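Novice: Dropping the structure in here first, questions after.
Only the coordinates and a few stated rules stand behind these numbers; no lab work does. Remember, predicted model here, so these are calculated numbers, not experimental data. We place every Cβ from the backbone using ideal geometry, glycine too, and count neighbours over all the protein chains shown.
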Amino acid sequence: MTSFYITTPIYYVNDIPHIGHAYTTLLADVLARYHRLLGVPTHFVTGTDEHGQKVWEAATQQGITPQEQVDHTVVRYRQAWKKLEISHDDFIRTTEARHTRVVKQVLEDLWDRGEIYKGEYEGWYSVSEERFYTEKDLVDGLSPEGKPVERVVEDNYFFRMSHYQDWLINYIQDNPNFIQPDFRRNETLGFLKKPLKDLCISRPKSRMPWGIDLPFDTDHVCYVWFDALVNYISAIGHTEDEESFQRWWPPAYHLIGKDILTTHSVYWTTMLKAAGLPQPRCIFAHGWWLIGGTKMSKSDGNVIDPLGMADKYGVDALRYFLMSDMSLGQDATFTEEAFVRRYNTDLAIDLGNLTSRVIKMIERNFGGKLPDAGEEGPEETQLREHTLAVVASMKEHLEGMSLDRGIARALEAVRQTNRYFDQAAPWALAKSGDLAALGRVLYNSAECLRIVSGLLYPVIPGKMTELRMAMGLSDAAPKLGDLSRWGLLEPGTSMGIGPSLFPRIRPTESTENPSGDTKSRATKKAGPGSSKATAEASGLIGIEDVSRVNLRTAVVREACAVEGADRLLKLKVDIGAEVRQIVAGIAAHYGPEEIVGRTVIVVTNLKPATIRGVESQGMLLAAKKGKKLRVITVDGDANPGWSVG
Ligand code: MSP
């Protein structure tokens, strides 16, 4: 690929950015960052759609000019993207002169060549969606999106979109990767089975003056979609900066939500064709984030604020969740429980533990200097080959737009390294003083961390920069060439890490206890003479004492020995809302393979403790007598996370 120009839809400036807007912008950001990592010249543009009836109405209501209104509201988008570390090269606003000039030139050119004509428009107009519908489109008197519509008859200008129907069908058929995913391509072809109408591209100023004047009739302004779509070429200097335009057009990648497929796959493509311009490389429509099965929308009051999530859990936690939890193209459901679970499992436990144990053992045993790699044994060969295969697969996942799977593979590399580390048991090597073998294990584990830090850098740039600095890597932004080679870490490099890179998120009451059964956990202060005081004196406890202990069913997912402790096993237990690490004194009674897969009972609200240098985030219940011990398990089927009491 010679160059990569990635765009997001330009968002309606009046809206408050929500998780849906943040998702498209983040996805574009991650793709842009990966292309930069691949060394492909990249240009990333986002921006705001600032004309139209809603802005006009909002400004009128507030007694300010529409320009003042948009200058005020655009700040929300600028600030949101700054906070989410969006690395756009340009932010285009449709009220900027560089945009309005290009829109006018495109209109003038199409008018001169007879591609636009004057006619009478009669139809159903949805103010909130800023688009017209025909009688047939309406569902129970509302737009197909369920919005109110009003009847409008007026003189207007039309673009001869119908001329291009056959051309467009052929173009889409001849270029199978043009509209993606495949089912969106089929959706567009399905839409094109009906006769394509001409597109109304104007509004009489008498009804709505907030827009770009038509150069050939200043009593009309340009219809907002025609104006907005042109941003993709005005931002890169169409008609004004030929060099820039030639550089970025046509290798353009339009990322959109599925709600605006037709405007892009039909309106925009035919506009470009009529203007004599080549088509972009791809239009990719992703799915929606749903809340409880429905699309997020301001009017339904179910929007999730991305900035609130970033404040609560961190920008990288949000970026990671949105990028890894939606299978690209499909819809996905947003829940805070899923967010916390994914963060804890992938980042806090898998990547976080690998990071801290590798770097801490280098600090402890080699004074913080990376040891020599030593001789590569069969385990190291396997680790190297697996990790480099994951790097190669990331490129394929990017090309195939299956980013979530690419991320999952990077996490596989982390898990593989954790297994390598556990099997090599470096703590035993340290104990026996075999520094050469210990150095080999730590060097190879650190190499894997270096590569993973680069692979995940586009997704979680803040945390991966921190990790790369901790590993003494001078270039925060990695290059693919460096990721596809093994053994680049210099022995002797200083490494050191502060407190946990990914502190575990302790689920709040609502995420931990979805049943909402919190009443019984409240503890009352016991005054003198209260029944509690009497009970304490007798050694009995009240029900409120029992219910303070939060017990849950949990499935043991992984188990392994604890460095230098014969009696302890380190377990990863799935408690439904998250996976926890627990250190249990059961090694004399159960081997790791015996305990994995069992459904056990765990105390989940115990203060975390560090046992032999390993954090334990809960306690497993077991029955004991003398030297005998049996873990308490659950009879029959039970999912992880059931409350026990
Ligand atoms: N202004 C037009 C786009 C013009 S592009 C030339 C517009 N703006 S919008 O503010 O409504 O943004 C729509 C886009 O926001 C969607 O296409 C999608 O990218 C994103 N999302 C809005 N809600 C969403 C979800 N619930 N889930 C995922 N993304 C969604 O339409």
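Novice: Can you grab the distance from the C-alpha centre of the stretch 34-94 to the C-alpha centre of the stretch 168-215, Å, no decimals?
Specialist: 23 Å
Novice: Here is a follow-up. For E337 and I16, FRET efficiency with R0 = 30 Å and r from the beta-carbon atoms, rounded to 0.05?
Specialist: It comes out at approximately 0.80.
Novice: Number of Lys-Lys pairs in the stretch 345-479 under 28 Å by Cα, sequence gap 8 or more or different chains?
Specialist: Lysine pair count for the stretch 345-479: 10.
Novice: Cα gyration tensor of the stretch 84-187, axes a ≥ b ≥ c as square roots of the eigenvalues: rounded (a/c below 1.5), prolate (a/b > b/c) or oblate?
Specialist: It comes out rounded by the Cα gyration axes.
Novice: In straight Cα distance, which aspartates and glutamates are under 20 Å from K273, not counting same-chain residues fewer than 8 positions off?
Specialist: Once the sequence-local aspartates and glutamates are set aside, what remains near K273 is E108, D109, D112, E115, D166, D174, D198, D227, E240, E242.
Novice: Using a Cα-Cα cut-off of under 26 Å, which lysines could be cross-linked to K627, ignoring same-chain neighbours fewer than 8 residues away?
Specialist: Partners within reach: K570, K572.
Novice: Which order do the peptides 391-401, 408-418 take when ranked by the mean count of other beta-carbon atoms within 10 Å per residue, highest first?
Specialist: Details: 391-401: 16.9, 408-418: 20.0.
Top to bottom by mean Cβ count within 10 Å: 408-418, 391-401.
Novice: Going by how many other beta carbons lie within 10 Å of each one, how would you line up L261, L569, fewest first?
Specialist: In increasing order of surrounding Cβ atoms, one gets L261, L569.
Novice: Multiply the residue gap between S162 and R247 by 0.36 nm, knock off their C-alpha separation, and tell me the result in nm, one decimal place.
Specialist: 27.5 nm
Novice: Here's a follow-up. Taking K193 as the anchor, which lysines have their alpha carbon closer than 18 Å to its alpha carbon, excluding any fewer than eight residues away along the same chain?
Specialist: The qualifying lysines are K136.
Novice: Then there's this: What ranking of L480, L354 emerges when the number of other C-beta atoms within 10 Å of each C-beta is taken as an exposure proxy, fewest first? Write down the numbers at each step before the final one.
Specialist: Numbers: L480 19, L354 22.
The fewest-first ordering by Cβ neighbours comes to L480, L354.
Novice: With the crude spin-label approximation of a point 7 Å out along Cα→Cβ, what separation in nm comes out for R364 versus Q61?
Specialist: About 6.1 nm, to one decimal.
Novice: How high is the relative contact order of the stretch 294-379, given as a whole-number percent (alpha carbon pairs under 8 Å, six or more residues apart)?
Specialist: 13 percent
Novice: Using a Förster distance of 41 angstrom, determine the FRET efficiency expected from the C-beta separation of E150 and V40, and round it to 0.05.
Specialist: After rounding to 0.05, the efficiency reads 0.30.
Novice: Related question: Which of the residue pairs K82/K258; K118/K197; K194/K295; K82/K295; K83/K312 have a Cα-Cα distance greater than 19 Å in the structure shown? Write out the running numbers ahead of the final one.
Specialist: Numbers: K82/K258 25 Å; K118/K197 14 Å; K194/K295 27 Å; K82/K295 25 Å; K83/K312 13 Å.
Too far apart for the 19 Å limit: K82/K258; K194/K295; K82/K295.
Novice: With the contact rule set at Cα under 8 Å and sequence spacing of 6 or more, what percent relative contact order holds for the chain?
Specialist: Averaging sequence separation for qualifying contacts and normalising by length gives 11 percent for the chain.
Novice: Okay, next question. Take the alpha carbon gyration tensor of the stretch 123-255, find the square roots of its eigenvalues, order them as a ≥ b ≥ c, and report rounded if a/c is under 1.5; if not, report prolate when a/b exceeds b/c, else oblate.
Specialist: Here the stretch 123-255 falls in the oblate category.
Novice: Where does the chain land at 222 nm, in deg cm²/dmol rounded to the nearest 500, when only DSSP H runs of n ≥ 4 count, each adding -39500 (n - 2.57), divided by all residues?
Specialist: -12000 deg cm²/dmol
Novice: Set the Förster radius R0 to 22 Å, insert the Cβ-Cβ distance between D89 and T2 as r into 1/(1 + (r/R0)^6), and round the FRET efficiency to 0.05. All intermediate terms of the calculation are to be shown ahead of the outcome.
Specialist: On the way: r = 17 Å, r/R0 = 0.77.
My answer for the efficiency is 0.85.
Novice: Rounded to the nearest 10 degrees, what's the angle between the helix 19-37 long axis and the longest principal axis of the chain, both from Cα atoms, 0 to 90?
Specialist: 80 degrees
Novice: Okay, moving on. Counting other beta carbons within 10 Å of each Cβ, put T46, T95 in order, fewest first.
Specialist: Ordered by Cβ neighbours within 10 Å, fewest first: T95, T46.
Novice: A further question follows. With a ≥ b ≥ c taken as the square roots of the eigenvalues of the C-alpha gyration tensor of the chain, please select rounded if a/c is under 1.5 and otherwise prolate if a/b is larger than b/c or oblate if it is not?
Specialist: Verdict is prolate for the chain.
Novice: Quick check: residue separation of E399 and E135 times 0.36 nm, minus the Cα distance between them. What number comes out in nm?
Specialist: Details: separation 264, 0.36 × 264 = 95.04 nm, distance 4.12 nm.
Length gained between E399 and E135: 90.9 nm.
Novice: Further question: Can you give the angle from 0 to 90° between the axis of helix 352-366 and the longest principal axis of the chain, with both taken from C-alpha atoms, to the nearest 10?
Specialist: Taking Cα atoms only, the helix is inclined about 50 degrees.
Novice: Order of 271-284, 18-31 by packing, highest average Cβ count within 10 Å first?
Specialist: Packing order, densest peptide first, comes out as 18-31, 271-284.
Novice: For the ranges 129-140, 153-164, what's the packing order if you count other beta-carbon atoms within 10 Å of each residue, average per peptide, and put the highest first?
Specialist: 153-164, 129-140
Novice: Next question. How far is helix 165-174 tilted, in degrees, relative to the longest principal axis of the Cα atoms in the chain, given as a value from 0 to 90 rounded to the nearest 10?
Specialist: Roughly 30 degrees between the two axes.
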